[in-house]
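A quick write-up on the structure given underneath.
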Amino acid sequence: MTEMLTAEKAQEIWLRLYPEGMTQGDLSRRLGIHIQTSGNLLPAAGSALSELGRQLYREEPSLERCTEILAADAALSELVLHAAHLAALGSRRFNLQYAVMFLGLTRLRVLFGVALLRWMNGDKLAGAWLPLWERSLFTARLVERLAAHYHPVDGTEYLAGLFHDAAWPALVPFLRQDYGLFFDEPDALFPLEHEIFGTSHADIGAAICVRSGLAPHVVEAVALHHDATLPDAARLRNPRYNGPFLAVLLRLADAAADACGFPIPVANAPVDATRPTFEEILHTPVFQWLRALGLPPNLPALAEEELAQVRRVGALLARD
């Protein structure tokens, strides 16, 4: 990890972003324009990647249909074949149909997350950013598994996890194109959140979700995933499609990501910040609030399972 941003460097960035006469409001407006005009932040509805996601997250997915979709996209086919080769430790040869059957639904969902994150970043993932991408994939999978304990899931929970920190990679090209500022190391960007940008990555992420046409409960969950206020459990009639409830799951998954050693994208957090242990997480107000709705699954065990899955696909995430 990089060293914390020095006061001198922060001042240099401030002067670049806010020359005489420019305010934080001006920067926010330019960022808003960037989000609105930078093209689809999710793949087009008719793309193979979008079709694959819809198939993987329907009530009764068809591996046969997944194979047909993958066969229409050379990059996705290559990703699946390479993943099957890695999973089999090179012990056999695969055609696409055999690879899909060998990997199964769970692994294909992991690969969908990998492909979506690679697409979001133009398939140019710098090595220093890899832990943040892995964190997003981990959070997406863990949020979905937590949500499944309380209501049927449909993939929107997964997308909330993938997009909850989408502001960080979105800021990098914006700052490079508009201000000539380069952040190849994510740790140098995290401390700027409130002090310099005057807004939060949660609000920026929510704007990205709106631009990408995600469901309102996903937008709300991303906006609230660092909010200290817990919903009123007495007024929570149905947790499904409920933004504040999904935000609670995001907060819990975020804490689990910290406990697993992923980078902490929090403003002004020192690089050697003490990470929470799972024992501490289980005694937090967030976990206790959730427990009142019904005992959730074994969080440490779930996190370990998802961490193992994400670590296995790290090499796929970083491939050119």
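The values are calculated or read from the model by the stated rules, or taken from the named source; none is laboratory data. Values in this document were obtained by computation on a predicted structure and should not be read as measured data. Cβ: placed from backbone, ideal geometry, glycine included. Neighbour counts: every protein chain shown. The accessibility values were calculated without ligands, DNA or RNA, using every heavy atom of the protein model including side chains. Shrake-Rupley method; radii C 1.70, N 1.55, O 1.52, S 1.80 Å.
Observations on the model:
- Qualifying residue in the range 143-152 (condition: at pLDDT 80 or above and within 30 Å of M22 (Cα to Cα)): no
- The range 86-107, residues that are crowded, with 21+ Cβ neighbours inside 10 Å and either closer than 19 Å to R141 by Cβ or at pLDDT below 80 (or both): L103
- Single residue of the range 274-294 satisfying the filter (in a loop (DSSP other than H, G, I, E, B) and without any contact (Cβ under 8 Å) to a residue 60 or more places away in the chain) that is farthest from P244 (Cα to Cα): T274
- Considering residues of the range 206-216 that are in a helix (DSSP H, G or I) and of a type outside the set (A, V, I, L, M, F, W, C) only, the residue most open to solvent (accessible area, probe 1.4 Å): P216
- Taken over the range 63-81, the criterion of being touching a residue at least 40 places away in the same chain (Cβ under 8 Å) and not aliphatic (A, V, I, L, M) is satisfied by C66 alone.
- Scanning the range 162-205 for residues that are open to solvent by 10 Å² or more (accessible area, probe 1.4 Å), among the small types (G, A, S) and at pLDDT 80 or above yields a total of 2.
- Number of the exception - T139 against (1) in a helix (DSSP H, G or I); (2) surrounded by fewer than 22 Cβ atoms within 10 Å (Cβ to Cβ); (3) hydroxyl-bearing (S, T, Y): (2)
- Given (1) farther than 22 Å from S50 by Cα; (2) under 12 Å from the mean Cα position of the chain (by Cα); (3) among the charged types (D, E, K, R), index of the condition E193 fails: (2)
- Taken as a whole, the structure places L137 among residues that are touching a residue at least 24 places away in the same chain (Cβ under 8 Å) and in contact with a helix residue (DSSP H, G or I) (Cβ under 9 Å, 6 or more places away or on another chain).
- When we screen L116, L137, L175, L108 for residues that are over 21 Å from P43 (Cα atoms) and hydrophobic (A, V, I, L, M, F, W, C), the only hit is L175.
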